[in-house]
Structures are given as structure tokens and as C-alpha cells.
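Right, one structure below, let's go through it.
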Amino acid sequence: MTEKTGIPPIAWFLVIILALIWGTSFILIKKGLVVFSSDELGAWRITLAWITLLPWAIKHIRQAEPRHWKFLLGSGLLGNLFPAFLFAYAETQLASGLAGVLNSLTALFTLLVGAIFFHQAITWMRMLGIIIGIIGTSILIFSGGENTNFDNTMYGLYIVLATICYGGSVNIIKFKLTGIKPLVMSSLALTTVGPIALVYLLTTDALDKLQHTPGAWEALLYIAILAVFSTAVGLVLFNKLIHISTTLFASSSTYLIPIVALMWGVLDGEAILIWHYLGMFVILAGVFIVNRAK
């Protein structure tokens with residue numbers, strides 16, 4: 001299957017909206033972690049996003065053919081469940097702004113996964129962009145302040161793993177789930193993993209914290225905003241973007257996400273060093289080369 005070459009204007013609008021939504025998600029995770037643990041936050045996020053889209057899943061469940069369900073599960077796991085926990089765990093030690101920058105790797109891994117598993121062409125120029133992106137990632141992960149130790153910086157690798165998951169999900173949606181409307185696809189993908197998150201949530205102390213921990217309801221509000229907009233609404237818009245553009249263009253919102261994420265981080269008092277900006281610049285240069293190369 002070949003990707004479309006014409007990019008409609010609505011696709012550019014969706015990229016900007018997604019950048020604003022997802023660029024804000026990292027500071028919301030940070031606020032939710034004030035009370036809840038990373039696994040509780042991940043479970044809350046997926047559970048609430050699933051509940052948000054559940055009416056559409058129930059209404060349109062028959063639109064998915066039997067052959068689609070394994071791919072819906074794959075998209076649900078790689079595009080939602082695993083990243084929700086990985087990002088939350090990473091941000092227990094990593095600044096939210098830097099997490100947003102590392103998210104830029106999604107575009108690179110979208111290309112790599114497409115080349116390895118979906119027989120998409122990869123040129124030497126795009127490979128160069130991937131290498132540059134990896135160098136930028138190394139700069140970002142291993143450059144910290146004087147109080148940053150090696151164990152903390154390694155938490156950035158959890159975000160790298162999450163972006164690999166995203167790359168897999170993007171390709172599954174583009175090449176295995178065509179023909180299913182974005183809203184239906186998003187709701188059904190979340191339905192495959194939502195019950196897992198809910199069952200896990202009930203095994204944690206999350207509900208008890210709502211009754212006994214000061215600030216728990218405020219933290220849950222941040223997580224609810226994260227779940228509804230960054231996961232549920234963002235997923236629907238992103239699936240729409242994939243269907244009307246290309247996988248690489250759909251992941252190009254990663255150009256703008258770091259800017260939004262860093263802005264929120266700075267406003268929240270996070271220290272961003274010159275090496276962090278250098279790492280971000282190198283990563284985005286790699287992403288730019290990957291997207292522009294023929």
C-alpha cells in the first residue's frame with residue numbers, strides 16, 4: 001500500500017491542535033503524580049479515556065470485522081496502555097518538558113517500524129535523520145544538572161520505549177485498520193485495554209487516596225483532563241490525521257510538542273539547561289530530515 005502524497009489543509013490544522021493537546025499532557029502527568037503513583041496514574045488515564053469513548057464503542061462494535069480485533073488490540077496496547085504507564089513512570093524522575101522533547105522520537109520510530117515490519121521504503125537520507133535523532137536523544141538523556149545522577153537520566157529510556165510503541169501503533173492504524181472511522185477505531189482500541197486498566201486500578205490504593213489523601217481530587221482532575229483530551233480526543237484526531245495524510249506527516253506534530261511541553265515546564269519552575277536545548281535541536285533536526293527526505 002502506498003501512502004498519499006497530497007496533504008490537505010485540515011491535516012495541518014489537526015497537527016497544530018494535537019501539538020497543543022499533547023504538549024500539555026506532560027505537565028498534567030506531573031500534576032497527577034503529586035498524589036498518585038505512576039501505575040495508578042496510568043490506570044486512571046486509560047480507564048477514564050475508555051469510559052469517555054465507551055458509548056461509541058458499544059454503538060459501533062459491529063463495524064469491526066473479526067480480522068480487525070487483533071490489530072485493535074495491538075493499537076490499544078502500543079498506542080495507549082503501555083505508553084500511559086511508561087510516560088508516568090519516566091516523569092517520576094524526569095522533567096515534564098524533557099519528556100515532551102523525547103516524545104519527538106515518535107516520528108523516527110514510525111519510520112523504522114514501518115520499514116522493518118510493514119515493508120516501507122527507507123532511504124539513506126532518512127536513515128541519516130534517524131541516526132541524528134538518536135544522537136540528540138543521547139545528548140538529552142545524559143546531560144543533566146549537578147544534582148542529576150545516572151539512574152535518574154536513564155528514566156528517559158522509558159520514554160524512548162514508549163515512542164517505539166507509538167511507532168508501532170501508527171503503522172498498525174495506517175496499514176491494518178483502514179476503512180474503520182477514526183472515532184470508532186479509537187473507541188474500540190481503548191475497549192480492548194480499558195478493562196485491563198480498570199481491573200488493575202481496583203487493586204491499587206487509588207480509590208482510598210480519594211477519601212483520605214489531601215489534594216487527591218485535584219490530582220484526579222488533572223488526570224481526567226489528560227485522559228479525556230490527550231488520550232480520548234487526541235486519539236480520535238490522530239487517527240483521523242493518519243487516514244487523511246501519511247504516517248510520517250501524522251507524527252510531525254512532534255515538531256511542536258516539545259515547544260509546548262518546555263513552555264509549561266518553564267512556567268512550572270523546571271530548570272532547562274543549554275545541553276537540553278542542544279539535544280532538542282539535534283532531535284528535531286533528525287525528525288526534520290526524516291520528514292523531508294525522499
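The values are calculated or read from the model by the stated rules, or taken from the named source; none is laboratory data. As the structure is a computational prediction, the values presented were derived from the model and not from experiment. Here the Cβ positions follow ideal geometry from the backbone for every residue, glycine too, while neighbour counts run over all protein chains shown. SASA here: full protein model, heavy atoms, side chains in, ligands and nucleic acids out. Shrake-Rupley method; radii C 1.70, N 1.55, O 1.52, S 1.80 Å.
The combined condition, being under 24 Å from Trp264 (Cβ atoms), modelled with pLDDT of 90 or more and in a helix (DSSP H, G or I), is not fulfilled by Pro55.
Whether any residue in region 52-62 is more than 16 Å from Val233 (Cα to Cα) and open to solvent by less than 70 Å² (accessible area, probe 1.4 Å) is what I want to check. Yes, some residue in region 52-62 is more than 16 Å from Val233 (Cα to Cα) and open to solvent by less than 70 Å² (accessible area, probe 1.4 Å). The number of residues in region 133-167 that are open to solvent by 10 Å² or more (accessible area, probe 1.4 Å) and either modelled with pLDDT of 90 or more or not in a helix (DSSP H, G or I) (or both) comes to 16.
Among the residues of region 196-207, none qualifies, meaning not one is closer than 22 Å to Gly23 by Cβ and among the polar types (S, T, N, Q). Close Cβ contacts (under 6 Å, 6 or more residues apart or on different chains) running from residues in region 177-191 that are closer than 12 Å to Gly74 by Cα to residues that are open to solvent by less than 10 Å² (accessible area, probe 1.4 Å) and among the hydroxyl-bearing types (Ser, Thr, Tyr) comprise Ala189/Ser75. Which one is surrounded by the most Cβ atoms within 10 Å (Cβ to Cβ), of the residues in region 252-287 that are aromatic (Phe, Trp, Tyr) and touching a residue at least 40 places away in the same chain (Cβ under 8 Å)? The qualifying residue surrounded by the most Cβ atoms within 10 Å (Cβ to Cβ) is Trp264. Just one of the listed residues (Leu54, Leu18, Leu48, Leu41) is under 17 Å from the mean Cα position of the chain (by Cα), among the aliphatic types (A, V, I, L, M) and more than 17 Å from Leu201 (Cα to Cα), namely Leu18. Taking helices (runs of 4 or more DSSP H) as the structural unit, those lying wholly within region 175-294 and holding at least 3 residues that are touching a Lys or Arg at 6+ places or on another chain (Cβ under 7 Å) and hydrophobic (A, V, I, L, M, F, W, C) correspond to 216-225.
Scanning region 23-42 for residues that are open to solvent by 30 Å² or more (accessible area, probe 1.4 Å) and either closer than 18 Å to Tyr158 by Cβ or of a type in the set (A, V, I, L, M) (or both) returns Lys30, Leu33, Val34, Ser37, Asp39.
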